[in-house]
Structure formats: C-alpha cells, structure tokens
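Visitor: Below is one structure. I have some questions about it.
The values are calculated or read from the model by the stated rules, or taken from the named source; none is laboratory data. As the structure is a prediction and not an experimental result, all values here were calculated from the model. Note that we place each Cβ from the backbone using ideal geometry, even for glycine, and neighbour counts take in every protein chain shown.
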Amino acid sequence: MRIEKIELRHIKMELVSPFTTSMGTEYDEEHIIVRLDGEGITGWGESVAEGTPFYSYETVTTAWHILQDFLIPSILGKNISSVDEAIELYAKVRGHMMAKAGLEAALWDLFAKSKNISLSKMLGGTRDKIDVGVSIGIQPSIAELIKKVEVYSICTSAEKRISQYSFTS
C-alpha cells in the first residue's frame, strides 16, 4: 500500500462537564487526529497526548513535532505491506508512544479497510461488541458521586455506551 498523504489535525474539545482528579480539574481535551491516505482509502488515528505535561512527558506539541519531523517522513511516499513494516521504518525513534500510537492506529485502520474487514478482526478480535465504562472523576460529596453513578447506570443499562465529550464549534 502506497502511503500518499498524511494529515494532522489539532483538536480541542470542551468536556460536557468538568472532570476532576487528584491532579486538578479539566474543562477540555486536546489531541491530534491523524488522517492517512493510500490508494483511495483513508485511515484514521488519534494521538491522545494532552496539552500539558502533567500526565506524561508527551504533549500535543511534542507529539506533533515527532509525527511531523520524524515518523511521517519515514513512511510518506513509501509502499508498505504491513503495520509492522511501517513500525520498523521509524524504529530508531525512542519513546513518544502517544505520537506513534496515533500513526499506528491510522495504519491499522487503513490496512483493515484495504482488506474490507473490521478493525477488530484485523487486530485478532473475536467479539462483535464490547462493554465500555466511564470515568466520572472526583465529586464534591458522596451524595454527588452516588447521583452521577446512578445517572450513568441508567444510561449504560439502556445503551452500554457513554461519551464523556461533546464537540463544540
């Protein structure tokens, strides 16, 4: 598969509600979306590095730099037969796992689509559906915590899918 084009998009999404942990309160999420085009097919990935270095040494800025200046040039314009082959092409880049994960996710998606199979099947999955959970963070009181858990319990029993984020314009 010839890797013809790779596009990075810096996104910042406002959270539906503030998310508090022992490290502070977050009001938005900031990540990099990776679009990878090859032979008429588009693969998508996401680098989950955050805007600040409080969780990890990787940030959106450092991930963007590693992607743009090292990872992307190592595969762009090349014919690649597998994700493992792509990984080998940038193996000399140490660390930066979130930057690499964004590109690798787009590669996995691209190769799955090229074989006309689900990403789950491409990765060796055997289930059609999986249950998901939600992290609700620290609440101001036990009563508020119970209230949130009850709300999410009602939602999950009906749908089994909860989204923590909403897109804003």
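Visitor: So which residues in the stretch 67-88 are more than 15 Å from W108 (Cβ to Cβ), of a type outside the set (D, E, K, R) and out of contact with any Ser or Thr (no Cβ under 9 Å at 6 or more places or on another chain)?
Guide: Q68, F70, I72, P73, S74, L76, G77, N79
Visitor: Here are P53, P73: which of them is in a helix (DSSP H, G or I) and over 27 Å from G124 (Cα atoms)? Quick ask: steps written out before the conclusion?
Guide: On the way: P53 fails: in a helix (DSSP H, G or I).
None of the others qualify; the one that does is P73.
Visitor: In the stretch 3-37, what residues are touching a strand residue (DSSP E or B) at 6+ places or on another chain (Cβ under 8 Å) and assigned to a loop (DSSP other than H, G, I, E, B)?
Guide: I3, E4
Visitor: Considering (1) among the hydroxyl-bearing types (S, T, Y); (2) loosely packed, with under 15 Cβ neighbours inside 10 Å; (3) under 30 Å from Q139 (Cβ atoms), say which one S47 fails and leave the rest.
Guide: Just one mismatch for S47, condition (2).
Visitor: Answer yes if at least one residue in the stretch 75-84 is of a type in the set (D, E), over 28 Å from Y152 (Cβ atoms) and without any contact (Cβ under 8 Å) to a residue 40 or more places away in the chain, and no otherwise.
Guide: Start the filter on the stretch 75-84 by keeping residues that are of a type in the set (D, E), which leaves 84.
Add one more test, that the residue is over 28 Å from Y152 (Cβ atoms), and what stays is 84.
From the residues that got through so far, the ones that are without any contact (Cβ under 8 Å) to a residue 40 or more places away in the chain too are 84.
For the stretch 75-84, residues of a type in the set (D, E), over 28 Å from Y152 (Cβ atoms) and without any contact (Cβ under 8 Å) to a residue 40 or more places away in the chain: present.
Visitor: Given (1) without any contact (Cβ under 8 Å) to a residue 60 or more places away in the chain; (2) in a helix (DSSP H, G or I), where does D109 come up short, assuming only one miss?
Guide: (1)
Visitor: Give the residue that is farthest from A106 (Cα to Cα), with candidates limited to residues of the stretch 38-59 that are touching a residue at least 60 places away in the same chain (Cβ under 8 Å) and touching a strand residue (DSSP E or B) at 6+ places or on another chain (Cβ under 8 Å).
Guide: So the first thing to find is which residues in the stretch 38-59 are touching a residue at least 60 places away in the same chain (Cβ under 8 Å), and the list is 38-39, 41-45.
Cutting the leftovers down to touching a strand residue (DSSP E or B) at 6+ places or on another chain (Cβ under 8 Å) gives us 38-39, 42-45.
Details: G38: 11, E39: 14, T42: 8, G43: 5, W44: 4, G45: 4 Å.
Checked the stretch 38-59; the qualifying residue farthest from A106 (Cα to Cα) is E39.
Visitor: Kindly indicate whether any position in the stretch 71-78 is closer than 24 Å to Y55 by Cβ, among the charged types (D, E, K, R) and in the same structural domain as Y55 (by TED's automatic domain parsing).
Guide: no
Visitor: Could you tell me whether the stretch 90-99 includes any residue that is part of a helix (DSSP H, G or I), touching a helix residue (DSSP H, G or I) at 6+ places or on another chain (Cβ under 8 Å) and at pLDDT 95 or above? Quick ask: steps written out before the conclusion?
Guide: Let us first name the residues in the stretch 90-99 that are part of a helix (DSSP H, G or I), namely 97-99.
Those left that are additionally touching a helix residue (DSSP H, G or I) at 6+ places or on another chain (Cβ under 8 Å): 98-99.
Those still in the list that are at pLDDT 95 or above too: 98-99.
Scanning the stretch 90-99 turns up at least one residue that is part of a helix (DSSP H, G or I), touching a helix residue (DSSP H, G or I) at 6+ places or on another chain (Cβ under 8 Å) and at pLDDT 95 or above.
Visitor: Taking T62 as the residue in question, decide whether it is without any contact (Cβ under 8 Å) to a residue 40 or more places away in the chain, among the β-branched types (V, I, T) and surrounded by 15 or more Cβ atoms within 10 Å (Cβ to Cβ). Before the answer, list the steps.
Guide: Details: without any contact (Cβ under 8 Å) to a residue 40 or more places away in the chain: yes; among the β-branched types (V, I, T): yes; surrounded by 15 or more Cβ atoms within 10 Å (Cβ to Cβ): yes.
In short, yes.
Visitor: Please count how many residues of the stretch 134-153 are assigned to a loop (DSSP other than H, G, I, E, B) and either touching a helix residue (DSSP H, G or I) at 6+ places or on another chain (Cβ under 8 Å) or not aliphatic (A, V, I, L, M) (or both). Walk me through how you get there before you give the answer.
Guide: Let us first name the residues in the stretch 134-153 that are assigned to a loop (DSSP other than H, G, I, E, B), namely 134-141.
If we keep only those that are either touching a helix residue (DSSP H, G or I) at 6+ places or on another chain (Cβ under 8 Å) or not aliphatic (A, V, I, L, M) (or both) too, we end up with 134-137, 139-141.
Within the stretch 134-153, residues that are assigned to a loop (DSSP other than H, G, I, E, B) and either touching a helix residue (DSSP H, G or I) at 6+ places or on another chain (Cβ under 8 Å) or not aliphatic (A, V, I, L, M) (or both) number 7.
Visitor: On the given criteria, is T21 more than 23 Å from L123 (Cα to Cα), among the β-branched types (V, I, T) and surrounded by fewer than 15 Cβ atoms within 10 Å (Cβ to Cβ)? So that I can check it myself, show each step before the final result.
Guide: Working: more than 23 Å from L123 (Cα to Cα): yes; among the β-branched types (V, I, T): yes; surrounded by fewer than 15 Cβ atoms within 10 Å (Cβ to Cβ): yes.
Spelling it out, T21 is indeed more than 23 Å from L123 (Cα to Cα), among the β-branched types (V, I, T) and surrounded by fewer than 15 Cβ atoms within 10 Å (Cβ to Cβ).
Visitor: While we're on this one: Being outside the structural domain of T61 (by TED's automatic domain parsing), in a loop (DSSP other than H, G, I, E, B) and at pLDDT below 85 is the requirement here; does S163 meet it? If you could, list the steps in order and put the result at the bottom.
Guide: Details: outside the structural domain of T61 (by TED's automatic domain parsing): yes; in a loop (DSSP other than H, G, I, E, B): yes; at pLDDT below 85: yes.
The answer is yes for S163.
Visitor: Of all residues in the stretch 119-133, count the ones that are under 16 Å from E104 (Cβ atoms) and either part of a loop (DSSP other than H, G, I, E, B) or touching a strand residue (DSSP E or B) at 6+ places or on another chain (Cβ under 8 Å) (or both).
Guide: 2
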